[in-house]
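J.: Pasting in a structure now, in structure tokens, and then I'll have a few things to ask.
The values are calculated or read from the model by the stated rules, or taken from the named source; none is laboratory data. Since the model is a prediction, treat every value here as computed from it, not as a measurement. Cβ sites come from the backbone with ideal geometry, for glycine too, and all protein chains shown count toward neighbours.
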């Protein structure tokens, strides 16, 4: 009978996976990820790819909002920067698709750092409003700079190919998306074991104290914006090559809000939370659509209402989580684990 | 000259409506430190309610307006009680997100009831063109300016003369002190939300009369941000003057420069103001600085 997790050595305390149960769960998860594309139908593969891109974007946003405490309402615009940079490089300059992805992410990091500059002077609410303005301004540039972005018309990106194989099929791109997602996960989990990550968390918890302890706020806040935007840009660039079409409507304010909802419902400042939130917010609309279609026979009127029902449930889920479980799905997951670990003496 | 006058009047109309929407926003922020991302949806609901009363139920517009305002009060109080009260003491991001969630929910409810297509609105205010100094202007726009100004005056009187208004200012100033003077703070929060819903509903009715009703009216929710930052987040005169300045600037850039620049200019101004003078023109100079 265990009553908790106790460490007897420093190595145990520093390990990423501390208990056998954690290692077994990770192994199962990896096995699932590796075998999924071989038995899943095309519909579920598409969903899995969408979840993968959302996971990358959510981790990126969580680095900034959840770990560093800088609220950003500009996620959609930063994804647009990544997607359009990747799309334009490949479509107009003939850069290979795999090379355009890191370049786009780097460029997004640059733009993100620029729009992070107000964070040196503003915090909290005022920073949130500044990033809101960034969202409007960037999207305006995207829709009005016709010569480069194609304006309101969609930008068509050539089909990505590797050794002559078409890559943007669901099966092939699954490996690209989830490969990058796993890589980003490993990097992020480890980032918060380095002094950079610790500095981010210190800034979130109490910026004045952090500054007194010798953390250069100027440097670390900009660094947080850069790293976060890099990851977000990555998600945008992947989206461009996966869809082979870049349309400004995919990067509106609603997208920023959806990603914020993902990390809040998943759990702020947690990589597991980013996974749970991204999966939840991507699968929920799909589930509602399917349910709506299934009920079409008995309620013919429901099909036209599906978008509204999705919007209403989106709003309701946010409100209910914030009121009843502000720490999100990650907390629920922890509670479930604790319950079974300590059963039958859970108190 | 004629174009200038035309643009000025258009700008003043939009500015007055923006000021009304921003007023509610400032009220809530002043009383309870909450940023209301659902202000645009309040406006949307106000517009659709008056549409329902006048067009669908065939009521006279004065009666329709009274019922609309009553529903707005009820809605404001309900939202404060059910959604905002549990958020007291929660971190800023939770409060921001809960109003964003609320805005999605309200937009969905409106679209479910009234559909997603813009509807024409039979004007209840005369619309024939009027000549002013050689410029032709719809009378409804003049009415809108007049009604908005009247409402702003009423709100100003409310805050300087009525007991509730003074109590609201006291709560905004110092909650603990107000509480010890026997003012019910939770009561005041409910007042703030009710008044915000009312001022947004009036703004919504005015917009509906000029351009008709449609889901895109909720865009006003974003457009109030430059207004309140320019005027100062906690200043009622700031909301009014900020609204008029932004309204005029939008009209002039739209008329003289075009290219859709009028949509983005307010947000560029917003960033500039935040960098130079974050408390805006009239806001209190206490500000969170890094």
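J.: Across the stretch A:21-45, what is the number of residues that are more than 21 Å from the chain's Cα centre (by Cα) and loosely packed, with under 11 Cβ neighbours inside 10 Å?
T.: Number of matching residues: 7.
J.: Still on this model: Could you tell me whether the stretch B:278-290 includes any residue that is without any contact (Cβ under 8 Å) to a residue 24 or more places away in the chain and away from chain A (no Cβ under 11 Å)?
T.: Yes - at least one qualifying residue is present in the stretch B:278-290.
J.: Report the residue count in the stretch A:40-69 for those that are part of a loop (DSSP other than H, G, I, E, B) and either closer than 17 Å to residue A:328 by Cβ or modelled with pLDDT of 90 or more (or both).
T.: 2
J.: For the list (1) under 19 Å from the mean Cα position of the chain (by Cα); (2) away from chain A (no Cβ under 11 Å), I need the number of the one condition that residue B:88 fails.
T.: (1)
J.: Considering only the stretch A:164-171, I want to know if a residue exists there that is crowded, with 19+ Cβ neighbours inside 10 Å, touching a residue at least 40 places away in the same chain (Cβ under 8 Å), in a helix (DSSP H, G or I) and more than 11 Å from chain B (Cβ to nearest Cβ).
T.: Checked the stretch A:164-171: at least one residue is crowded, with 19+ Cβ neighbours inside 10 Å, touching a residue at least 40 places away in the same chain (Cβ under 8 Å), in a helix (DSSP H, G or I) and more than 11 Å from chain B (Cβ to nearest Cβ).
J.: Search the stretch B:127-180 for residues being touching a strand residue (DSSP E or B) at 6+ places or on another chain (Cβ under 9 Å) and not in a helix (DSSP H, G or I), and hand back the single one that is modelled with the lowest pLDDT.
T.: Going through the qualifying residues, I end up with B:127.
J.: Still on this structure, please answer the following. Could you identify the single residue in B:251, B:205 that is surrounded by 23 or more Cβ atoms within 10 Å (Cβ to Cβ) and touching a helix residue (DSSP H, G or I) at 6+ places or on another chain (Cβ under 6 Å)?
T.: So the residue among B:251, B:205 that is surrounded by 23 or more Cβ atoms within 10 Å (Cβ to Cβ) and touching a helix residue (DSSP H, G or I) at 6+ places or on another chain (Cβ under 6 Å) is B:205.
J.: Residue A:299 is checked against (1) more than 9 Å from every other protein chain (Cβ to nearest Cβ); (2) farther than 30 Å from residue A:19 by Cβ; (3) assigned to a helix (DSSP H, G or I) and fails just one. What number does that condition carry?
T.: (3)
J.: Still on this model: Any chance you could count how many residues in the stretch A:250-283 are closer than 25 Å to residue A:158 by Cα and more than 14 Å from chain B (Cβ to nearest Cβ)?
T.: Matching residues across the stretch A:250-283 total 2.
J.: Can you report the number of residues in the stretch B:97-119 which are modelled with pLDDT under 90 and within 7 Å of chain A (Cβ to nearest Cβ)?
T.: Residues meeting the conditions: 2.
J.: Sticking with this structure for a sec: Answer yes if at least one residue in the stretch B:208-216 is within 12 Å of another protein chain (Cβ to nearest Cβ), surrounded by fewer than 24 Cβ atoms within 10 Å (Cβ to Cβ) and out of contact with any strand residue (DSSP E or B) (no Cβ under 9 Å at 6 or more places or on another chain), and no otherwise.
T.: The answer is yes; a qualifying residue exists.
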